[in-house]
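Chemist: The structure that follows is given in the form of structure tokens.
The values are calculated or read from the model by the stated rules, or taken from the named source; none is laboratory data. The model shown is predicted, which means the values in this text are computed figures rather than measured ones. Every residue, glycine as well, gets a Cβ built from its backbone with ideal geometry; the counts of neighbours run over all protein chains shown. Ligands, DNA and RNA are excluded from the accessible area calculation, which covers all protein heavy atoms including side chains. Shrake-Rupley method; radii C 1.70, N 1.55, O 1.52, S 1.80 Å.
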Amino acid sequence: MSLIDAVRDRLHAEVPALKDRVELIAALAALVEQGGLPQREVTAYVVPLGFDDRGGDSMGHLHTQMLSESIGVVLCVKALGDAAAKRALPTIDTLKDGVISALAGWGPDTVSGVLRATRGRLLAVANGLVTYQIDFAVLDQLRIAR
């Protein structure tokens, strides 16, 4: 199971407000392409953000390297008729706290480390939708025998 799938499953299980409301990046991309809004009042999308090198070494026929893989959780809360998002922001705060609680310090069996919360940002308040992104990173070791 990929990190993205494991995070989606963890959010389904650990954040009651997101049960059956967590999608992968393809669903978000389709919405953006169509200029649409999520169907539910609250939706989350798990987004792969890539990886960064954290150093490594090669000796003989063995290459080891530390990689920090990042993922994002984009929270979407509908705010129709709430131009200032005053009603949506408390929901975003509650969801943000739930997501961080569910993921920080946890890691799926497929990686050697645990997720760290690295950043949270309000992305937009537009077109009746508030979007907030929380980024996480997990340190994992790559081993290649040549």
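Chemist: Calculate the length of the line joining the C-alpha centroid of the stretch 38-52 to that of the stretch 68-100, in whole Å.
Modeler: The two parts, judged by their Cα centres, are 11 Å apart.
Chemist: Let me ask another. Treating only the Cβ of Lys, Arg, Asp and Glu as charged (+1, +1, -1, -1), what charge dipole size does the stretch 1-42 show about its Cα centre? Round to the nearest 20 debye.
Modeler: 80 debye
Chemist: Pairs of alpha-carbon atoms within less than 8 angstrom and 6+ residues apart define the contacts here; what relative contact order does the chain have, in percent?
Modeler: 25 percent
Chemist: Which one of GLY113, HIS12, GLY98 has its Cα pushed farthest toward the positive end of the charge dipole of the chain, where Lys and Arg give +1 and Asp and Glu give -1 at the Cβ?
Modeler: The residue sitting farthest along the positive end of the dipole is GLY98.
Chemist: In whole percent, how big is the carbon plus sulfur part of the accessible area of the stretch 5-58, probe 1.4 Å, protein atoms only?
Modeler: Of the solvent-accessible surface of the stretch 5-58, carbon and sulfur hold 49 percent.
Chemist: Oh, and also: Run the dipole for the chain about the Cα centre, Lys and Arg Cβ at +1, Asp and Glu Cβ at -1, nothing else charged, and hand back the magnitude in debye, nearest 20.
Modeler: 280 debye
Chemist: Which of the listed residues, VAL74, GLY36, GLY56, is farthest toward the dipole's positive end in the stretch 34-84, when Lys, Arg count +1 and Asp, Glu count -1 at the beta-carbon?
Modeler: GLY36
Chemist: Let me check I've understood the local charge: for VAL47, count other residues with C-beta under 14 angstrom from its C-beta, Lys and Arg +1, Asp and Glu -1. What total comes out?
Modeler: Details: positive: ARG8, ARG119, ARG121; negative: ASP5, GLU23, GLU69, ASP135.
So the environment of VAL47 carries a net charge of -1.
Chemist: Whole-Å semi-axes of the stretch 1-81's equivalent ellipsoid, largest first, each the root of 5 times a Cα gyration tensor eigenvalue?
Modeler: Values: eigenvalues 234, 42, 19 Å².
Equivalent ellipsoid semi-axes, largest first: 34, 15, 10 Å.
Chemist: Same structure, new question: Using a Debye calculation, one point per C-alpha and no hydration shell, please list log10 I(q)/I(0) for the chain at q = 0.13, 0.16, 0.20 Å⁻¹ in order.
Modeler: For the chain at q = 0.13, 0.16, 0.20 Å⁻¹, log10 I(q)/I(0) is -0.60, -0.84, -1.18.
Chemist: Which Rg and Dmax, in Å, describe the Cα atoms of the stretch 67-124?
Modeler: 14.3, 45
Chemist: Can you tell me the FRET efficiency between THR118 and LYS19 if r is taken as the Cβ-Cβ distance and R0 is 25 Å, rounded to the nearest 0.05?
Modeler: Approximately 0.50, to the nearest 0.05.
Chemist: Right, next: Return the distance in nm (one decimal) between the two label points of a simple spin-label model at SER68 and VAL32, each offset 7 Å from Cα along Cα→Cβ.
Modeler: 2.3 nm
Chemist: Applying 1/(1 + (r/R0)^6) with R0 = 35 Å to the Cβ-Cβ distance of ALA126 and HIS12, what FRET efficiency is obtained, to the nearest 0.05?
Modeler: 0.80
Chemist: What nm distance separates the two modelled labels at PHE51 and LEU80, each placed 7 Å from Cα along Cα→Cβ?
Modeler: 4.2 nm
Chemist: Can you give the net charge of the other residues whose Cβ lies under 12 Å from the Cβ of VAL22, counting K and R as +1 and D and E as -1?
Modeler: 0
Chemist: Roughly how many Å² is the accessible area per residue of the stretch 8-87, as a whole number, for a 1.4 Å probe?
Modeler: Here the residues of the stretch 8-87 average 59 Å² of exposed surface.
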